[in-house]
Amino acid sequence: MTTGFAAIPASASYRLTGARAPLCLVEAGGLGADRDGLSLIDIAVEDGRIVSILPAGTEVLQDGPALDLDGGIVLPRLVDAHVHLDKGHIWPRSPNPDGSFMGALDSVGADREANWSAQDVRARMEFGLRCAFAHGTAALRTHIDSLGKQIGISWPVVAELRAEWAGRIALQASPLFGIECALDPVHLRDLVAAVKAHGDGLFGCVTYMIPELDQALDIVFRIAIENGFDLDFHVDESNDPAARSLERIAEAALRHRFTGRILAGHCCSLALQQPEDEARIIAKVLEAGIAVVSLPMCNMYLQDRAAGRTPRWRGVTALHELKAAGVPVMIASDNTRDPFYAYGDLDLVEVLREGTRMLQLDHSGTDWSETIARTPAAIMGEEGRGVLAAGGPADLILTRARSWTELFARPQADRTVLVEGEAIDRSLPDYRELDHLMASAT
Ligand SMILES: [Zn+2]
């Protein structure tokens with residue numbers, strides 16, 4: 001059992017004093033901020049909820065214990081908009097042979113056909129949820145490979161895990177399949193039935209440039225409109241500037257006057273457009289109301305890789321330009337220990353740290369912590385999460401770091417995570433627990 005550095009008072013009512021929190025994530029008036037955009041605050045907790053947030057040092061007539069955080073950064077429990085729990089942790093039995101995107105696609109496809117029973121998927125998904133929870137994640141959207149027999153195997157497991165994890169992690173799932181399968185009525189019939197029975201009102205697929213792209217997108221948008229689904233796409237995960245399916249999604253959304261939420265993930269090739277093309281596509285994305293999530297760690301692993309050649313590009317989308325235009329932007333975990341990304345642990349503090357380095361989020365505003373908190377919560381319909389607010393749950397991540405440089409310089413392994421005011425056990429599951437599923441490992 002490990003609960004991190006903080007000794008939380010054993011009382012239903014207590015105060016956390018001298019906390020630093022990103023001003024962009026605090027819903028309270030009268031607060032200033034330092035050059036990091038951090039506000040010094042005192043947080044009062046009662047029966048698992050935040051009852052007040054005041055400037056640090058404000059006199060209060062409140063008995064009860066207090067814990068002085070000595071300027072340490074406090075974050076809300078975080079929100080991961082894009083992960084793949086069903087692929088997670090298959091690396092020992094199905095590594096990526098060469099670190100390429102095609103190597104990932106082929107390895108996962110073969111592993112899925114051979115090994116993805118309900119028991120296998122469930123064990124690995126649950127392992128991922130335990131990691132995310134221990135690191136301080138409150139809500140998470142996973143994609144679910146949805147092809148052929150896998151639809152009937154994976155979606156009931158999603159429903160079971162959503163129910164079992166309620167109160168710890170709000171789990172939602174979006175289907176994943178190649179856009180050409182949208183032209184197959186049998187596939188769509190089976191998948192829509194599974195999403196209606198076990199899903200979260202979310203639909204989507206992987207888009208790339210096929211000749212029938214507009215026709216296939218029309219089908220996907222019609223399904224979403226008929227069923228009241230929001231949409232979530234994997235988009236242009238490629239270094240080919242000719243990959244412009246993001247623009248076609250935006251055009252489809254405008255053509256259908258789509259009013260649901262749309263989240264587009266990856267959008268790597270947007271960063272490789274000519275400036276005028278990039279500006280035109282971003283304008284359409286904004287007009288269509290599309291939000292964009294970048295997956296920096298996975299993109300850097302897969303993109304611009306060639307044997308014997310040093311990569312020149314970090315693989316990430318044009319996130320600064322999207323944000324400047326007013327598009328809601330976020331970053332997320334993506335894959336964990338599978339052929340698409342050999343590492344990762346569903347730790348959003350790591351994602352923000354690595355995202356800051358890869359995307360140079362530093363020196364460009366102090367509100368980037370919204371990308372793993374308030375913004376994904378809004379796009380996921382999880383309003384009230386990803387912020388610190390009186391009346392909201394005392395779901396917090398406490399650290400000893402007093403500034404972004406202190407936060408990002410170390411992994412914050414000693415952080416304390418509070419769920420409804422109580423410190424959780426932050427022990428991470430042992431990889432050995434999955435050894436029995438890795439039979440084909442050598
Ligand atoms: Zn993904």
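The values are calculated or read from the model by the stated rules, or taken from the named source; none is laboratory data. As the structure is a prediction and not an experimental result, all values here were calculated from the model. We place every Cβ from the backbone using ideal geometry, glycine too, and count neighbours over all the protein chains shown. In case anyone asks, the SASA skips ligands and DNA or RNA and just uses the protein heavy atoms, side chains included. Shrake-Rupley method; radii C 1.70, N 1.55, O 1.52, S 1.80 Å.
Test residue 413 against the stated conditions and say whether it is free of Cβ contacts under 8 Å to residues at least 12 places away in the same chain, within 21 Å of the chain's Cα centre (by Cα) and under 25 Å from residue 367 (Cα atoms). Here the answer is yes, as residue 413 does meet what is asked.
Could you please let me know if residue 217 is more than 16 Å from the ligand (Cβ to nearest atom), under 22 Å from residue 268 (Cβ atoms) and either in a helix (DSSP H, G or I) or open to solvent by 60 Å² or more (accessible area, probe 1.4 Å) (or both)? When the stated conditions are applied, residue 217 passes them. Among residues belonging to segment 227-242 that are of a type in the set (Asp, Glu) and within 15 Å of the ligand (Cβ to nearest atom), point out the one that is surrounded by the fewest Cβ atoms within 10 Å (Cβ to Cβ). Looking at residues that are of a type in the set (Asp, Glu) and within 15 Å of the ligand (Cβ to nearest atom), I get 237.
From the list 168, 130, the one residue that fits, being more than 16 Å from the ligand (Cβ to nearest atom), open to solvent by 10 Å² or more (accessible area, probe 1.4 Å), more than 30 Å from residue 309 (Cα to Cα) and not in a helix (DSSP H, G or I), is 168.
Flag: residue 336 matches the condition of being assigned to a loop (DSSP other than H, G, I, E, B) and buried (at least 22 other Cβ atoms within 10 Å of the Cβ). Looking across 407, 348, one residue alone is within 30 Å of residue 117 (Cβ to Cβ), at pLDDT 95 or above and of a type in the set (A, V, I, L, M, F, W, C). It is 348. The residue list 182, 193 contains one member that is part of a helix (DSSP H, G or I) and exposed (fewer than 15 other Cβ atoms within 10 Å of the Cβ), which is 193.
Can you find even one residue in segment 308-319 that is in contact with a Ser or Thr (Cβ under 9 Å, 6 or more places away or on another chain), away from the ligand (no atom under 16 Å from the Cβ), under 20 Å from residue 236 (Cβ atoms) and not hydrophobic (A, V, I, L, M, F, W, C)? The answer is no, given that none of the residues of segment 308-319 is in contact with a Ser or Thr (Cβ under 9 Å, 6 or more places away or on another chain), away from the ligand (no atom under 16 Å from the Cβ), under 20 Å from residue 236 (Cβ atoms) and not hydrophobic (A, V, I, L, M, F, W, C). Of the set (1) in contact with a helix residue (DSSP H, G or I) (Cβ under 7 Å, 6 or more places away or on another chain); (2) in a helix (DSSP H, G or I), all apply to residue 375 but (1). Pick from 276, 247, 237: which is of a type in the set (Asp, Glu) and over 18 Å from residue 210 (Cβ atoms)? Of 276, 247, 237, the one residue that is of a type in the set (Asp, Glu) and over 18 Å from residue 210 (Cβ atoms) is 276. Of the residues 121, 158, 60, 108, the single one that is among the β-branched types (Val, Ile, Thr), more than 15 Å from the chain's Cα centre (by Cα) and open to solvent by 40 Å² or more (accessible area, probe 1.4 Å) is 60. Among the residues of segment 288-296, none qualifies, meaning not one is more than 18 Å from the chain's Cα centre (by Cα), surrounded by fewer than 16 Cβ atoms within 10 Å (Cβ to Cβ) and away from the ligand (no atom under 16 Å from the Cβ). In segment 244-266, the residues that are open to solvent by 40 Å² or more (accessible area, probe 1.4 Å) reach residues that are within 16 Å of the ligand (Cβ to nearest atom) with C-beta atoms within less than 8 angstrom, at least six apart or across chains, in these pairs: 244/236; 244/269; 248/207; 261/231; 261/291; 261/379.
Quick check on segment 389-404. Is at least one of its residues outside any helix (DSSP H, G or I) and without any contact (Cβ under 8 Å) to a residue 24 or more places away in the chain? The answer is no; no qualifying residue exists.
Among the conditions (1) open to solvent by 10 Å² or more (accessible area, probe 1.4 Å); (2) in a loop (DSSP other than H, G, I, E, B); (3) within 16 Å of the ligand (Cβ to nearest atom), residue 300 misses just one, which is (2). If you scan segment 405-432, which residues turn out to be open to solvent by 80 Å² or more (accessible area, probe 1.4 Å) and in a helix (DSSP H, G or I)? Residues satisfying the conditions are 405, 431, 432. What is the one condition in (1) aliphatic (A, V, I, L, M); (2) touching a helix residue (DSSP H, G or I) at 6+ places or on another chain (Cβ under 9 Å); (3) open to solvent by 30 Å² or more (accessible area, probe 1.4 Å) that residue 140 does not satisfy? Unmet condition: (3). Inside segment 331-345, residues that are within 13 Å of the ligand (Cβ to nearest atom) and in contact with a Lys or Arg (Cβ under 9 Å, 6 or more places away or on another chain) make up a count of 7.
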